[in-house]
1. Being touching a residue at least 24 places away in the same chain (Cβ under 8 Å) and touching a strand residue (DSSP E or B) at 6+ places or on another chain (Cβ under 6 Å) is the filter here; which residues of segment 64-76 pass it?
2. Does residue 38 fit the bill of being of a type in the set (Lys, Arg), farther than 17 Å from residue 72 by Cβ and either out of contact with any Asp or Glu (no Cβ under 6 Å at 6 or more places or on another chain) or at pLDDT 95 or above (or both)?
3. Condition first: surrounded by 12 or more Cβ atoms within 10 Å (Cβ to Cβ) and touching a Ser or Thr at 6+ places or on another chain (Cβ under 6 Å). Now tell me which residues in segment 14-31 satisfy that.
4. One residue is enough: does segment 58-80 have a residue meeting the conditions surrounded by 18 or more Cβ atoms within 10 Å (Cβ to Cβ) and not in a strand (DSSP E or B)?
5. For residues that are over 13 Å from residue 36 (Cβ atoms), touching a strand residue (DSSP E or B) at 6+ places or on another chain (Cβ under 6 Å) and among the small types (Gly, Ala, Ser), tally how many sit in segment 77-115.
6. crowded, with 20+ Cβ neighbours inside 10 Å, closer than 18 Å to residue 81 by Cβ and basic (Lys, Arg): does that describe residue 38?
7. Are any residues in segment 77-105 in contact (Cβ under 8 Å) with a residue 40 or more places away in the chain and among the hydrophobic types (A, V, I, L, M, F, W, C), and if so, which ones?
8. Conditions first: (1) of a type outside the set (Asp, Glu); (2) open to solvent by less than 50 Å² (accessible area, probe 1.4 Å); (3) under 22 Å from residue 112 (Cβ atoms). Residue 86 passes all but one, so which condition is the exception?
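The values are calculated or read from the model by the stated rules, or taken from the named source; none is laboratory data. On a predicted model such as this, the values are computed, not experimentally measured, just so you know. Cβ atoms come from the backbone with ideal geometry, glycine included; neighbour counts cover every protein chain shown. SASA here: full protein model, heavy atoms, side chains in, ligands and nucleic acids out. Shrake-Rupley method; radii C 1.70, N 1.55, O 1.52, S 1.80 Å.
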Amino acid sequence: QVQLVESGGGLVQAGGSLRLSCAASGRVFSPNVMGWYRQAPGKQRELVATLTTGGSTNVDDSVKGRFTISRDNAKNTVYLQMNFLKPEDTAVYYCNFRVGLWNAWGQGTQVTVSS
């Protein structure tokens, strides 16, 4: 099993920044994909950004140019730097770890952007 521990959510004004972190522990096999998804009230969970151990990224168009995903493979940790936040970015952000078809989820961290 893989355990994911997230941190870094909070309340910020529009235009502000936050940095999310997610550390994986346990049976952390490589190569793998780590990333972030988010779910706003009344909406489905959606992709924000993912990053493979090899450095390939997949970033949703809605956050391109504002959010940056990075990772430290030695620490099994993925980061999401969120700049120029907008009220529509308000959601619970979930860390995801995936190896092949198997994946694990973090408990989620709330990000609230006030206008």
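1. 69, 71, 76, listed by residue number.
2. Working: of a type in the set (Lys, Arg): yes; farther than 17 Å from residue 72 by Cβ: yes; either out of contact with any Asp or Glu (no Cβ under 6 Å at 6 or more places or on another chain) or at pLDDT 95 or above (or both): yes.
Yes.
3. Scanning segment 14-31 gives 14, 21, 23.
4. yes
5. 2
6. Numbers: crowded, with 20+ Cβ neighbours inside 10 Å: yes; closer than 18 Å to residue 81 by Cβ: yes; basic (Lys, Arg): yes.
Here the answer is yes, as residue 38 does meet what is asked.
7. 78, 80, 82, 84, 85, 91, 92, 95, 97, 99, 104, 105
8. Failed condition: (2).
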